[in-house]
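Nothing in this text is a laboratory measurement; each read-out follows from the coordinates by a stated rule. No experiment lies behind these values; they were computed from the predicted model shown. We place every Cβ from the backbone using ideal geometry, glycine too, and count neighbours over all the protein chains shown.
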Amino acid sequence: MIPSPLQKPDVTLSLTLSPSSVSGPASTTRETPEGRGIRLIELLLKCANHASTPGANDLDRADACLSQISALASVSGDSMQRLAAHFASALATRLLIRRWPGIYRAVNHTRRCRFPVVDDIDSAARALFSQAFPYLSFAYAIIARTLLQVMTHERVVHLVDLGSGDPKLWVPLLRSFARLSNGPPHLKVTCVSSNRTVLEKLGHRLVKEAEVLDLPFQFIPLNVAAQDLTPGLLQIRTGEALAFISILNLHALLADDDDDHHRFNASYDNDNEIRNGKRLNTFLLMIRSMSPKALFVVEQEADHNSSRLVDRFVDGLHYYSAVFDSIDATFGSTGITSEQAEGRIMVEEMFGREIENMVAYEGLDRVERHERFSRWALRMTRAGFRSVRMWYNSDEDAKQMVGAFGKEGYKIVSDRTSMMICWHDRPLYAVTTWTS
């Protein structure tokens, strides 16, 4: 067995290994998956420590670490090997940006020219993730049941999708509204997305679904990024009951133009303080100004917004090791079909892009700034929102929802203000509801 994704590595030990343990011959512990996993964690953390400091000697040491990691990691190996391959690639990208930014920009430019459909690849990967894993399905079910409670007596309901565009969220929602005992409301759905293809596919699907359901329905596509949204674009009418839904999107608004001191090396970062997040706060105040009945937020339950690379790197290892472990449980690690292998690669590459952004980039380019619920609660409260108790009748309901998926390891933990979707005991996604 590989090291448990829930077991935190000994950071002190791994960051104070003797030079010979990194530059010398590879340890025989790599002959077993457990030993290899421990060795990879040690090398990754030591490499991250070197990559976070500006000295030329540190870059050389980081390069030596990457050479050893490359000999142990593999995108086709066990979950720890695959995870290590993505983190090593992210560290290598960071080193390239720091040491040779011109070369990086030139190579990245030609790569983008050769692969112009990266947005479509990402959309396909997210669709597969939504279909094959229960995390978003659980979140969608929680949102749908809470939303139906909030909107029970409304006759005109306007729902705004802040960038998801996922039919697995919207088709069941339309069917639920169509089955309301007091008759369906006039339902208006506005989808905000910078991806025109996503808008076209979702609009076509929902209009057809509404026709079958005989549901009074209007779909409004807004081909803009969420940060460019304004009240005028939403065409809100008097008497509409308004709600917003954000699925794994708000954290991107935390991207900040970090100053030079924090760009690649921060000596101080008080984790008990909340970083400003001016763009996010402006966005939340704009949403609140429209007096929505509900704002639903689904975010990664992780701490990846520290200005210190090593801090977010360590939390990233914990978080994504749990994610990759759940990927193995879904697709299998051995004896899988070529179709399953392709699906696993596609989903892992999607997470690999998240890891690369979190590790390699700084400033406005670093958009994967995940934060834990406790910080989101402070941000929402400061913007004038109040938490809403989400739908659930008992822990039995959560167990039934998880049991219906048919695979062990998943868990929903609820309290009055949030619902955590977990892999075993590790919370991975938080679902919350807010009102103005």
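What residues of the stretch 333-377 lie in the reach of a label at residue 278, counting those whose backbone N is under 14 Å from a point 7 Å from the Cα along Cα→Cβ?
364
Evaluate the Debye formula for the stretch 164-253 with equal point scatterers sitting on the alpha carbons, no solvent, and hand back log10 of I(q)/I(0) at q = 0.13, 0.19, 0.23, 0.25 Å⁻¹, in q order, two decimals.
-0.45, -0.95, -1.31, -1.45
Could you list, in their original order, any pairs among 208/293; 168/293; 168/188; 168/208; 201/407 whose Cα atoms are separated by more than 19 Å?
208/293; 168/293; 201/407
Each label point is 7 Å from the Cα along the Cα-to-Cβ direction; what then is the distance between the points at residue 233 and residue 32, in nm?
Output for this residue pair reads 5.6 nm.
If amide H atoms are built 1.01 Å from N in the plane of the peptide, which residues on other chains or at least 5 residues away come under 5 Å of the amide H of residue 295?
244, 434, 435
Tell me which of 170, 215, 195 sits at the most positive position along the dipole axis of the stretch 170-260, charges placed on C-beta atoms (Lys, Arg +1; Asp, Glu -1).
Towards the positive end, the residue furthest out is 215.
Can you give the extra length, in nm with one decimal, that the chain gains between residue 337 and residue 386 once fully stretched, where that is 0.36 nm per residue apart less the Cα-Cα distance? Present the calculation step by step, with values, prior to reporting the outcome.
Working: separation 49, 0.36 × 49 = 17.64 nm, distance 4.78 nm.
Here the segment from residue 337 to residue 386 would lengthen by 12.9 nm.
What is the mean projected area of the alpha carbon convex hull for the stretch 297-380, to one decimal in square nanometres?
With every direction weighted equally, the projected area is 6.5 nm².
Take every Cα-Cα distance within the stretch 338-414, group them into 10 Å bins from 0 onward, and report for each bin the whole-number percent of pairs it holds.
Each 10 Å bin holds this share of Cα pairs: 14, 21, 34, 27, 4, 0.
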